[in-house]
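In what follows, a single structure is set out as structure tokens and then discussed.
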Amino acid sequence: MAQVVQNARATRGVLSSYVRTALLMSALIALLALGGRAIAGFQGMLAFGAIGLVLNFVMYWFSDRIALLAHRAQEVSRAEAPTLFAMVERLTRRAGMPMPRIYLIPSASPNAFATGRNPNHAAVAVTDGILQILTERELEGVLAHELSHVRNRDVLIATIAAGVAGLISTLGHVLQWGLMFGGAGSRSSDERGNGLAALAWIVVAPIIALLIQLAISRSRELGADSAGAALSGDPDALADALVRLEQAKAVRPYEFAGPATSHLFIVNPLRGGAAAALMGLFSTHPRTEERVRRLRAMSLQRARSG
């Protein structure tokens, strides 16, 4: 009975996260459509909506290969990483998922990410460093987190969000140059109104798009923490791993880090600074302290229910 209650709580948490994500994704598409309308009215809105669909299709098919190439990940066999394979197999059986491909990243910085458009075309990549510093229990907690991203299709959601946000930013630059060189001759009041609307969109939309994209990323991380802890059955293992990883990344910086794929990793591979600490809205990941706090509370709930 206790296990049923715990699973129900985890499911409610995942569903709540999905609702937030759906609302945020809708807001991104709406921003893109408004940009198209500012350029060319209703036809522009339809055109940029179509561009958004094409972009999503490209991201759907190629995002996993791009991410793996960007991080020099090399696929490994069962013979090369037997312990890692055994952990992933155990977790995928428990989750009712197909076995993903497993990759190793040649970096001493401890981290991990999952990629792939769906559970049938997924990959889990870990660095050399994470295998060195985590216990097997902690590593299993990390793998459960990453497999939860795959099961919930978080990687696809985050990649599409990043692509749409990037398109909105590019559209803002196009509009900016168009207004600068579009001429300042006589215009009707409607044209002047459209110009002001476009100017407002140029200033505001890229910032809003970035904030929405980052909010989606943070929401999916919290969802994967909850789902991963439920999958492994050990929230404290993931909490301990997060603490260890956050401490270690300051000592061993990740050499392949880049803003385009930083949202994929279990902890942000980019260097943090005073500005990053103060500006949580501009982070791809929730604060590690907040993630650990939630996982400890989940562990306490499980102990009381059990």
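The values are calculated or read from the model by the stated rules, or taken from the named source; none is laboratory data. This one's a predicted model, so the numbers in the text were calculated from it and none came from an experiment. Methodologically, a virtual Cβ is constructed for each residue, glycine included, from the backbone with ideal geometry; neighbour enumeration extends over all protein chains shown. What goes into the accessible areas is simple: the full protein's heavy atoms, side chains included, and nothing from ligands, DNA or RNA. Shrake-Rupley method; radii C 1.70, N 1.55, O 1.52, S 1.80 Å.
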If I filter the stretch 125-144 for residues that are farther than 19 Å from Phe256 by Cβ and modelled with pLDDT under 95, do I get at least one hit? no
Using beta carbons and a limit of 6 Å, which pairs, at least six apart or on different chains, have the first residue in the stretch 72-99 and among the polar types (S, T, N, Q) and the second one open to solvent by 70 Å² or more (accessible area, probe 1.4 Å)? Thr92/Met99
Any residue that is within 24 Å of Ala108 (Cα to Cα), hydrophobic (A, V, I, L, M, F, W, C) and modelled with pLDDT of 95 or more - is there at least one of those in the stretch 272-282? no
Odd one out for Asn268 among (1) outside any helix (DSSP H, G or I); (2) at pLDDT below 90; (3) within 23 Å of Ser148 (Cβ to Cβ); (4) open to solvent by less than 60 Å² (accessible area, probe 1.4 Å): (2)
